[in-house]
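Visitor: There's a structure below that I have some questions on.
Bear in mind these aren't lab numbers, they're just calculated from the coordinates by the rules spelled out. Since this is a predicted model, take the numbers as computed values, not measurements. Quick reminder, even Gly has a Cβ in these numbers, built from the backbone with ideal geometry, and neighbours come from all protein chains shown.
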Amino acid sequence: MSSFKHWSARLLFGLLAVAPALGQAVEREDDAVIARSLTAMLRAARTVVSRNQALINDPAIGDKGLGGKKVLAEALVIYKETTQIDPKGIAAGSRHGRLLRAQQDAIVEVIDANQSTLNQRGVAFKGFIPATAARLINEAFSRRASEDAVVKVTAPEQLIRNRKSRPDDWEAKTIRDKLLAADWPKGQMVSDATSSQGRQAFRFASPEYYAPSCLSCHGGPKGQIDVTGYPKEGASEGDLGGVISVTLFR
Ligand code: HEC
């Protein structure tokens with residue numbers, strides 16, 4: 001009897017000890033899924049802007065028919081292709097469902113708010129490029145989800161164009177110690193249980209590398225002013241150009 005008591009107590013103790021760790025692992029797994037999903041949706045929206053850049057820059061066309069709903073619909077197609085996830089299958093009431101919804105609403109909000117810029121006749125370059133759209137979408141998202149999550153595009157400190165996009169301490173350290181390390185697997189996301197703004201958080205950082213299409217602005221010759229008015233960074237194809245940083249508060 002006493003030995004049974006002994007073992008059941010040990011079993012109970014064992015379960016209690018294991019349960020929080022298990023809970024945390026599962027939560028972290030779920031959070032990584034959400035971070036990947038928000039990262040993919042942001043990239044999809046940026047891709048839509050990129051694919052429509054020639055249209056956006058056309059000074060001869062007024063109404064471009066590029067409203068928020070249209071851009072979101074195109075982004076959803078790209079999101080499904082790249083993630084193999086159908087957003088309709090994500091429960092609307094779940095944390096993932098709510099955050100993805102807030103992000104989609106942010107995409108529509110930003111594109112709709114910029115219609116007069118996009119439809120301006122007689123002006124070719126309107127300053128509406130994927131990076132700017134992404135920043136505005138992230139700002140709109142963070143307003144909608146600030147209690148819960150933050151999405152941001154940042155970059156190695158020396159590459160930062162817009163001060164608003166400067167890396168915070170965690171991002172700077174993650175970029176320096178992990179993403180820029182010679183042996184960091186190309187494309188692999190960093191995940192970390194840490195804190196942000198004084199709150200416990202899971203944080204994620206997905207690296208982005210310069211493609212040939214980026215170099216007209218971020219390439220060489222270093223210091224030459226690009227079409228957007230910024231000095232070029234002198235970067236090369238394949239260099240770490242940026243990081244999509246997702247914070248999920250606990
Ligand atoms: C037409 C010029 C142009 C091209 C092409 C371009 N960028 Fe940029 N990029 C900019 C400008 C301008 C900003 C600042 C946008 C803002 O915050 O409004 C920026 C911002 C960024 C940022 C955010 C950090 C920062 O410096 O503010 C990253 C990361 C970035 N670009 C990476 C890329 C990558 C990767 C590509 C190619 C896939 C690319 N860019 C193509 C002009 C360009």
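Visitor: If you fit an axis through the alpha-carbon atoms of helix 68-83 and take the longest principal axis of the Cα set of the chain, what angle between them do you get, 0 to 90°, nearest 10?
Guide: Value to nearest ten degrees: 50.
Visitor: Obtain the nm distance between the two label points defined at Q84 and A211 by a simple spin-label model: each point lies 7 Å from its Cα along the Cα-to-C-beta direction.
Guide: In this crude spin-label approximation the distance works out to 2.1 nm.
Visitor: Give or take rounding to whole Å, what are the principal axis extents of the alpha carbon atoms in the chain, in descending order?
Guide: Computed over the chain, the largest-to-smallest principal extents equal 90, 39, 31 Å.
Visitor: Could I ask something else about it? Can you compute the FRET efficiency between D105 and K186 using 1/(1 + (r/R0)^6), with r the Cβ-Cβ distance and R0 = 45 Å? Round to the nearest 0.05. Before the final figure, lay out each step's value.
Guide: Details: r = 33 Å, r/R0 = 0.73.
Plugging the Cβ-Cβ distance into 1/(1 + (r/R0)^6) gives 0.85.
Visitor: Where the only charges are on Cβ atoms (+1 Lys, Arg; -1 Asp, Glu), what is the dipole of region 148-250 about its Cα centre, to the nearest 20 debye? Don't skip to the answer; put the middle values down first.
Guide: On the way: 14 positive and 13 negative charges, 58 e Å.
Charge dipole of region 148-250: 280 debye, to the nearest 20.
Visitor: Sticking with the crude label model, points 7 Å out along Cα→Cβ, report the distance from F125 to D177 in nm, one decimal please.
Guide: Calculated label separation equals 3.9 nm.
Visitor: Using a ≥ b ≥ c from the Cα gyration tensor of region 113-224 (square roots of the eigenvalues), is it rounded, prolate or oblate, where a/c under 1.5 gives rounded and otherwise the larger of a/b and b/c decides, a/b for prolate?
Guide: Because a/c hits 1.5 or more and a/b fails to exceed b/c, region 113-224 counts as oblate.
Visitor: In debye, nearest 20: dipole of the chain around its Cα centre with unit charges on the Cβ of K, R (+) and D, E (-)?
Guide: Working: 34 positive and 27 negative charges, 72 e Å.
That gives the chain a dipole magnitude of about 340 debye.
Visitor: Show me 233-242, 120-129, 209-218 ranked by packing, highest mean number of other Cβ atoms within 10 Å first.
Guide: 233-242, 209-218, 120-129
Visitor: Going down the list K164/K222; K88/K173; K126/K173; K126/K164; K64/K173; K178/K232, which pairs span over 31 Å between their C-alpha atoms?
Guide: Details: K164/K222 22 Å; K88/K173 37 Å; K126/K173 35 Å; K126/K164 20 Å; K64/K173 42 Å; K178/K232 25 Å.
Checking Cα-Cα distances, K88/K173; K126/K173; K64/K173 exceed 31 Å.
Visitor: Could you calculate the contour length gain from R51 to E157, that is, 0.36 nm times the residue separation minus the distance between their Cα atoms, to one decimal place in nm?
Guide: 35.3 nm
Visitor: Let me ask something else about it. What number, in percent, do you get for the relative contact order of the chain if the mean sequence gap of Cα pairs under 8 Å and at least 6 apart is divided by its residue count?
Guide: Details: 345 pairs, mean separation 45.1, N = 250.
So the answer I get is 18 percent.
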